Amino acid sequence: MRPSTVSRILGGYFIAMAIAGTVAAPASADVGVPRKLAPADEQNHKLLMQQLSVEQIAALNAAYPGFRVLKLCSGRFSGANRDELVLGLWRPVDSEQWWKREVHRVGLIWTPKGWEVHVIDDEIEKDATRSRSFPMNWAFSLTSTGLAADMKCGIEGEFSEHSQLTHLLGDKPFFDLDKEGLKTNKVVCFATSDTYNNWDCLVFSPKHRRFRLWYQQAHAD
């Protein structure tokens, strides 16, 4: 089982290997998963890792040994006094749910005790009854040329005339960010279809200690 909250620095060996992108995963987790990342993804991982601190790498490696960073979104998601991260991580893991096996949505949230890893895929399952489209999986594909997946980092300038996010077809937020005290917390959106203009937008709620489904767009173009 993956821990929902891990922090603190691990041994120097694992940190150094994670930075180099060569930490070996437990053999049992890779059984039946022969897929390898495209060279472009491996190169992107090395570049994105330069944006992570040693402490952040250690926290992620404890939850996802041998991870690769495929997407990275930086911002103040919890209202903390420093930038935090939402990432798309590659790491084949055992899971009954097919959408949790290879590419995972993960949040790195700052607390007085250090960095917490939030498994977004698990946390938003608590909003299943609110969702109009379940499972709330991120639409992605791993190809020979690299990861194909759309992710919006923040919503500044969105919901405008030419934006992919729109209220024109009746989609409305599930709750008011201002009334919830989350107006300054950065929102992150994930495409949920490779065919239609569908999105799930999430916000981290310190009160609930998790990412919550704030807006869902589920319709054809």
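Assorted remarks:
- Spin-label proximity, E180 to region 32-76 - amide N less than 18 Å from point 7 Å beyond Cα toward beta carbon: 75-76
- Put in order of Cβ neighbour count within 10 Å, fewest first, the listed residues T129, T184 become T129, T184.
- Arranged from fewest to most other beta-carbon atoms within 10 Å of their beta carbon, H208, H104, H45 become H208, H45, H104.
- Order of I109, I120 under a 10 Å beta carbon neighbour criterion, fewest first: I109, I120
Every number here is computed from the coordinates shown, using simple stated rules; none is lab data. Predicted, not measured: the structure shown is a model, and the values here were computed from it. Note that each Cβ is placed from the backbone with ideal geometry, even for glycine, and that neighbours are counted across all protein chains shown.
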